[in-house]
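Student: One structure, as structure tokens, below. Some questions next.
Each reported figure results from applying straightforward, stated rules to the coordinates on display, with no laboratory input. None of the values given here were measured: they were computed from a predicted structure. Methodologically, a virtual Cβ is constructed for each residue, glycine included, from the backbone with ideal geometry; neighbour enumeration extends over all protein chains shown.
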Amino acid sequence: MAATSTKPTLPPSVTRKFWLKQLSAKEKSALIATFGGWGLDGMDVMVYSFVIPSLIAAWHISKSDAGWLGTAALLMSSLGGWIAGLLADRFGRVRVLQITILWFAVFTFLSGFSQNFWQLLLCRGLQGLGFGGEWAVGSVLMGETIRAEYRGKAVGTVQGGWAVGWGVAAFFYMVLLSKLPGDWGWRAMFWIGILPALLVFYIRQRVDEPEVYSRTRDTIEMRHESHFLEIFSPAMLKITALTSLLAIGVQGGYYAITTWLPTFLKTVRKLSVLNTGGYLFVVIVGSFVGYMVSAYLADALGRKRTLILFAACSFLTITAYTYLPIGNSVMLLLGFPLGFFASGAFSPVGAFFTELFPSRVRGSGQGFSYNVGRAIGALFPTLVGYLGKTMALGHAIATFAIIAYLVMIIAAAVLPETRGKELRVYE
């Protein structure tokens with residue numbers, strides 16, 4: 001019998017490279033495109049939170065009116081997300097991703113030319129269609145392109161792009177609002193929103209359709225079947241309902257906090273534009289770190305445990321931030337965990353939803369659930385504005401954020417764990 005020799009096996013920590021270096025060229029291109037898309041999406045969306053005080057002063061609108069301007073984009077994004085998910089199942093993830101990016105960039109830019117409340121409301125609503133669609137399609141593209149062992153980290157890392165975009169918006173806020181006279185500052189904040197359109201050129205050249213999508217699409221066409229409403233069938237209704245509740249929790253809490261945070265710091269804490277920007281940068285750095293840490297934990301601890309952990313810690317942090325009688329120095333420090341937990345709660349969601357819905361309806365299911373959550377969560381900024389008329393703004397923010405995170409914990413506890421699940425063709 002021939003002799004065989006075996007090489008000594010080294011520990012995984014020695015033989016394996018950092019996970020990003022393990023990705024194929026196709027996986028890396030999808031990661032870069034979706035990270036950039038989500039980051040620029042975040043910049044365009046978060047610009048509005050910085051210009052609320054300027055709009056209130058320029059147009060003499062109420063806090064509830066300002067809340068509606070924030071809610072309009074979020075409500076329309078819920079519709080855009082489901083429509084984009086349906087189109088992505090039919091026409092492809094990459095093509096629809098390009099359309100959504102162009103759409104939200106153009107209407108963010110046009111918002112800077114608004115002359116009154118109603119014109120801005122229209123532009124914000126139309127911007128929301130693309131905003132909602134970009135996440136729905138980009139998340140599915142990433143989930144289907146990245147292999148199972150890295151899916152949680154990769155999709156969670158893409159979420160970190162939002163913090164980068166938020167940071168860019170904060171930078172422009174400190175520069176433009178402090179340097180430009182009159183209405184030019186807030187208008188310029190919207191005009192920079194055209195930048196995401198440049199990303200489309202990269203996507204056209206470098207990003208391919210996921211193989212699991214292409215093969216599933218071929219199978220559906222051969223069978224002459226269409227399944228986009230299957231997410232409401234008795235077999236899938238429970239997953240659709242629970243993922244929608246989870247999305248309501250994670251987004252309702254986040255939007256209640258971040259939409260009104262600059263206004264809270266400027267009007268309640270009496271901070272200047274530059275100081276408000278400085279405090280927000282601490283929150284944004286915490287957000288980015290939270291996205292990254294949560295992305296790793298999604299693969300290490302599982303989707304459910306990570307979601308419950310970050311929701312519970314968000315609950316505690318926002319309570320301390322808005323209710324405790326603390327000075328500005330302590331509030332500056334608390335900004336880091338506030339951003340860390342509220343943003344980190346998003347990281348497992350994309351991979352979790354990708355794994356919960358079957359391939360043939362993944363765009364429809366993921367787009368619907370996430371954006372139903374966004375639609376209902378979108379009401380939270382408006383409700384905070386109304387409640388802020390009768391109680392302190394900080395307490396109004398905390399009230400709706402706490403409700404949202406309780407809903408999130410309940411939904412995550414009931415859903416099944418999916419860590420390590422392989423995606424199958426026509427599943």
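Student: Report the Cα centroid-to-centroid distance between the stretch 18-84 and the stretch 324-369 in angstrom, as an integer.
Tutor: Here the answer is 14 Å between Cα centres.
Student: Moving on. How much length, in nm to one decimal, is gained on full extension between residue 326 and residue 65, taken as 0.36 nm per residue of separation minus their Cα-Cα distance?
Tutor: That works out to 91.0 nm of additional length.
Student: Residue 201 to residue 119: FRET efficiency via 1/(1 + (r/R0)^6), r the Cβ-Cβ distance, R0 41 Å, to the nearest 0.05?
Tutor: Once rounded, the FRET efficiency stands at 0.85.
Student: How much FRET efficiency would the formula 1/(1 + (r/R0)^6) give for residue 215 and residue 319, where r is the Cβ-Cβ distance and R0 is 41 Å, rounded to 0.05?
Tutor: Calculated transfer efficiency: 0.25.
Student: Which of the peptides 43-52, 292-301 is most tightly packed, and how do the rest follow, judged by the mean count of other Cβ atoms within 10 Å per residue? Could you put the intermediate results ahead of the total?
Tutor: Working: 43-52: 26.3, 292-301: 21.3.
Answer by packing, highest mean first, reads 43-52, 292-301.
Student: Which helices of the chain meet both criteria: a Cα extent of 20 Å or more along the helical axis and a mean Kyte-Doolittle score no lower than 0.5, with helices taken as whole DSSP H segments?
Tutor: Span-like helices in the chain: 25-59, 63-91, 93-111, 117-145, 148-179, 237-258, 273-300, 303-323, 328-344, 393-414.
Student: If contacts are Cα pairs under 8 angstrom and at least 6 residues apart, what is the relative contact order of the chain in percent?
Tutor: About 27 percent, as a whole number.
Student: With label points built 7 Å along Cα→Cβ from the Cα atoms of residue 147 and residue 180, find their separation and express it in nm.
Tutor: Going by the 7 Å Cα→Cβ label model, 4.7 nm.
Student: Which value, in nm² and rounded to one decimal, describes the direction-averaged projected area of the C-alpha convex hull of the chain?
Tutor: Working: hull surface 94.8 nm².
Spelled out: convex hull of the Cα atoms, projected over all directions, averaged, 23.7 nm².
Student: Sticking with this one: Where does the chain land at 222 nm, in deg cm²/dmol rounded to the nearest 500, when only DSSP H runs of n ≥ 4 count, each adding -39500 (n - 2.57), divided by all residues?
Tutor: Values: 18 runs with 326 residues, N = 427.
The helix contribution divided over the chain gives -26000 deg cm²/dmol.
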